[in-house]
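Structure first, commentary second.
The values are calculated or read from the model by the stated rules, or taken from the named source; none is laboratory data. Just so you know, these numbers come straight off a predicted model, no measurement behind them. Virtual Cβ from ideal backbone geometry, glycine too; neighbours counted across all protein chains shown. Quick note on the areas: whole protein, heavy atoms, side chains included, nothing else; ligands and nucleic acids left out. Shrake-Rupley method; radii C 1.70, N 1.55, O 1.52, S 1.80 Å.
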Amino acid sequence: KLTGTLLLKDSFQNLKGNQKSDLYSGREIFIRCSDGNPRRAFSLLNNMLLEYPQAINESGFRPIPRKIQNMVYERDGKVYLNRLKHTGNKLLSVYDIINVIGNVFHLRIHGDKVGTDFYGSVELSESDAAVWDLIVSAVGLGALFPITNSAHPDELPIKSGIFILSYTFAACFQLLPRKGKPLPLRSIMNDKYARSMLEKNSQSGLFDET
């Protein structure tokens, strides 16, 4: 269980100077980071070919260099993240929620000692009602995916449930593209990093402990 997490952490710790990672590359990463969405898969492939047009030529195909693949995943994840700034309310945007979630997950891997748990999903309860509309918007935008009951696979949970962070953001937050264990949203938003970010915009009161 820890092999992937340790490799991920070591890979980024061992980068020096302007070295670039090539960790996010290959067929399985392509499938995962497109979230099973054909439109997203086409966009990723198109952007890779724009960066490396010699992949297709008269003599056939050439593999796209791993570092170029990694760069596209990271860049496209950041572009998609920034688009989320335009959806939300007066206090918070979908970007704020996803950015905090992604950075807290990042710190759980890269800032802490690697434990037995990997977190890649978020658990909401009825006490998180203040941000439920943002979660619904995040699901609609493909930034979060609900883990639904197998008997009702197309139903969105009502004001509670477990939601997976889109694997589109794996490279830009340096995460593993897998579900992992859920971390309560209240715990995420009360993390030191989250509190610092929210306090800058006078939003920290949304998640005060009661």
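If I go through the range 11-59 residue by residue, how many of them are more than 16 Å from G77 (Cα to Cα) and among the polar types (S, T, N, Q)?
Residues in the range 11-59 being more than 16 Å from G77 (Cα to Cα) and among the polar types (S, T, N, Q): 8 in total.
For L81, are the conditions met, namely being assigned to a helix (DSSP H, G or I) and touching a residue at least 40 places away in the same chain (Cβ under 8 Å)?
Numbers: assigned to a helix (DSSP H, G or I): yes; touching a residue at least 40 places away in the same chain (Cβ under 8 Å): yes.
In short, yes.
Does K67 fit the bill of being part of a helix (DSSP H, G or I), free of Cβ contacts under 8 Å to residues at least 60 places away in the same chain and either open to solvent by 40 Å² or more (accessible area, probe 1.4 Å) or touching a strand residue (DSSP E or B) at 6+ places or on another chain (Cβ under 6 Å) (or both)? Full working, then the answer.
Details: part of a helix (DSSP H, G or I): yes; free of Cβ contacts under 8 Å to residues at least 60 places away in the same chain: yes; either open to solvent by 40 Å² or more (accessible area, probe 1.4 Å) or touching a strand residue (DSSP E or B) at 6+ places or on another chain (Cβ under 6 Å) (or both): yes.
Judged against the criteria, K67 is a match.
For the range 49-64, name all the residues that are open to solvent by less than 90 Å² (accessible area, probe 1.4 Å) and either over 10 Å from S25 (Cβ atoms) or free of Cβ contacts under 8 Å to residues at least 12 places away in the same chain (or both).
In the first step, residues of the range 49-64 are kept if they are open to solvent by less than 90 Å² (accessible area, probe 1.4 Å); the result is 49, 51-55, 57, 60, 64.
Within the range 49-64, L49, E51, Y52, P53, Q54, A55, N57, G60 meet the criteria.
Would you please list the contacts, defined by Cβ atoms under 6 Å and residues six or more apart or on different chains, that run from a residue in the range 12-27 that is at pLDDT 80 or above to a residue that is surrounded by 10 or more Cβ atoms within 10 Å (Cβ to Cβ) and of a type in the set (A, V, I, L, M)?
Taking only residues 6 or more apart or on different chains, the pairs are Y24/A171.
Being farther than 17 Å from L107 by Cβ, touching a residue at least 40 places away in the same chain (Cβ under 8 Å) and not β-branched (V, I, T) is the filter here, so list the residues in the range 158-186 that pass it. Spell out how you get there, then give the answer.
Here is the first cut: in the range 158-186, the residues farther than 17 Å from L107 by Cβ are 158-164, 166-168, 177-179.
Checking which are touching a residue at least 40 places away in the same chain (Cβ under 8 Å) leaves us with 162-164, 166-168, 177-179.
Residues satisfying the conditions are F163, S166, Y167, P177, R178, K179.
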